[in-house]
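Participant: The structure follows.
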Amino acid sequence: MGPYRCSLLYFFILPFLVTITLSVDVLHYQTTPHGFAAPPRGWNSFGLQSLEDDQKLILNQDNVISQCENLKGISHLGYTYCSLDSGWSVGCNGDDFGRTIYDSSLFDIPALAKHLHDRGLKVGIYINPGFFEADKEKTIKGTNIKFSEIAATGDQNPGFNCRLNVDWDAPGAQEYCNSNVNLWASWGVDYIKLDYITPGSPDGGTLPVNSSGSVACYDRAIQQSGRDIFLEISWKLDWRIEWAYGIYKSSADAIRIDQDVNNAHESTLVKWATVQRTIEMYREYILEQKQKGVNVPLTAYPDLDNLYVGNAEALTGLDDQQRKSVMAHWVGAGASLLLGSDLTQLDDFGSSLLSDALINEMTHFTAKYPMWPLRGKAGETAGYQHQVWIAGPDPETGVAVLLVTNYG
Ligand SMILES: *[C@@H]1O[C@H](CO)[C@@H](O)[C@H](O)[C@H]1NC(C)=O
């Protein structure tokens, strides 16, 4: 067995008897800023959009519906979100008020939302911070303020993705966020992925240095909308910067802590080595949170990126043992469980992982208690890949979840 391979995986619940003193001093999640007590489950389009050209998903209404119809087999387990990634909206301008709107040659979002809601499912959209540069002479809805008046300056505004960053403290900025969210809420949107947030999203070099104000702005916009909307922020958010993490965890419901886990422009969705990188990032993240003290609740769920477990090895890029290991780590972390798989091609192994009764019981547990590394190669805070993780024990019941792995 070579390196980078999970060769042993057990996942079990131990009732602790007399040997553990029960207390509330357990690393735990708390209800998120928008009132969620569990991470989202469902599907996101990005992995399939990123496959090589002749294989990739063309993002449009019919193709999304044919994917998300397949959530019906697992929606009773909580897999209800049907989340569109980049490409659903008009790319370089908004409506008359600068609001982000769907590309009507591809989507009718209110109709999609109705279709999904009628099936007990939910709909998610993808946005970026800032406003469209082409809209700078337009007026923010409900105000006399032009977008040019709320533009940020200097290194806060290099221009990116056809957009300019906002001075998030300027009069009119909040009204802009509100006008967007109120429009999307009127369509029936249940989930927003806010991408390219800084500090974080490190690849570009042309991003504004600090767009964290947009996270707080969209948080307040969601609160005033009165609709239950889950806010996820992306990508590789810099949780090591205390003030930024403070904004993120008090404004967003889930935080992407690493870069994309998927392959880009290949025939498979993911590689095991990349999965290991993301697990290692989670290990560092959760240990840092634990060091702040187990009485400091985690108010946002970690997002380890899409969950690639549903398809056979030829598409997923992982063998069944590795798929099981991905499932175990994403569940153990209490992470978002948005499948990146082709839901029209779930294989028996993938379906059994998703519907496994014990795994689903654990997802309820780890929505309250995230796993952290207990024992491993080199002590609690050092070493690369640890081999025993624990979530809990729950102070009331004494139940804990252990994940035992051998990474090779
Ligand atoms: C970044 O923006 C946020 C929100 O506007 C602000 O609270 C924070 O102080 C800023 N940080 C820096 C280093 O400018």
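The values are calculated or read from the model by the stated rules, or taken from the named source; none is laboratory data. These numbers were taken from a predicted model, which means no experiment stands behind them. Cβ atoms come from the backbone with ideal geometry, glycine included; neighbour counts cover every protein chain shown. Protein only, heavy atoms only, side chains kept; ligands, DNA and RNA dropped before computing areas. Shrake-Rupley method; radii C 1.70, N 1.55, O 1.52, S 1.80 Å.
Participant: State which stretch of the chain is the longest one without any exposed GluC sites (Glu not before Pro), exposure meaning a DSSP loop state and at most 16 other Cβ atoms within 10 Å.
Facilitator: Details: sites that count: GLU52, GLU137, GLU266, GLU380, GLU396.
Of all site-free stretches, the longest is 138-265.
Participant: Restricting to DSSP H runs of at least four residues, report the calculated mean residue ellipticity at 222 nm for the chain, -39500 (n - 2.57) per run over all residues, nearest 500 deg cm²/dmol.
Facilitator: On the way: 11 runs with 116 residues, N = 408.
Only helices count here, giving -8500 deg cm²/dmol.
Participant: Something else now. Where the accessible area of the stretch 232-295 is counted over protein heavy atoms with a 1.4 Å probe, how much of it, in %, is carbon and sulfur?
Facilitator: Values: 1130 of 2130 Å².
About 53 percent, which is the carbon plus sulfur part of the accessible surface.
Participant: Find the percent of Cα-Cα distances in the stretch 252-408 that exceed 21 Å, and round it to a whole number.
Facilitator: Values: 5403 of 12246 pairs.
The calculated P(r) of the stretch 252-408 puts 44 percent of pairs beyond 21 Å.
Participant: Rolling a 1.4 angstrom probe over the protein chains, ignoring ligands and nucleic acids, what is the accessible area of ILE58 in square angstrom, nearest 10?
Facilitator: Solvent-accessible area, nearest 10 Å²: 90 Å².
Participant: Let me ask you something else. Divide, for the stretch 186-233, the radius of gyration over alpha carbons by 2.2 N^0.38 Å, where N is the residue count. Mind dumping the intermediate values first?
Facilitator: On the way: Rg = 12.3 Å, N = 48, 2.2 N^0.38 = 9.6 Å.
So the stretch 186-233 has a normalised radius of gyration of 1.29.
Participant: Diagonalise the Cα gyration tensor of the stretch 253-317 and give the resulting equivalent ellipsoid semi-axes, square root of 5 times each eigenvalue, largest first, whole Å. Before the final figure, lay out the partial values.
Facilitator: On the way: eigenvalues 162, 25, 16 Å².
In descending order, the three semi-axes are 28, 11, 9 Å.
Participant: Just to be sure I follow the definition: excluding the sites themselves, where is the longest run in the chain that has none of the chymotrypsin sites (Phe, Trp or Tyr not before Pro) in a DSSP loop with at most 16 other Cβ atoms within 10 Å? Intermediate results must be reported in sequence, preceding the final value.
Facilitator: Details: sites that count: TYR4, PHE16, TYR384.
Longest stretch, sites excluded: 17-383.
Participant: How large is ³J(HN,Hα) for each residue in the stretch 35-46, as worked out from phi by the Karplus curve 6.51 cos²θ - 1.76 cosθ + 1.60 (θ = phi - 60°), to whole Hz, x for Gly and Pro?
Facilitator: Those phi angles translate into x, 8, 10, 7, x, x, 10, x, 8, 9, 7, 5 Hz.
Participant: Taking the chain, how much of its Cα-Cα pair set, in percent, is spaced more than 36 angstrom apart? All intermediate terms of the calculation are to be shown ahead of the outcome.
Facilitator: Details: 19172 of 83028 pairs.
In whole percent, the share of Cα-Cα pairs in the chain beyond 36 Å is 23.
Participant: Can you find, among LEU183, THR143, SER212, the residue farthest towards the positive end of the dipole of the stretch 129-268? Put +1 on the C-beta of Lys and Arg, -1 on that of Asp and Glu.
Facilitator: Of the options given, the answer is THR143.
Participant: Per residue, how large is the accessible surface of the chain? Use a 1.4 angstrom probe and give square angstrom.
Facilitator: Values: 15630 Å² over 408 residues.
Value for the chain: 38 Å² per residue.
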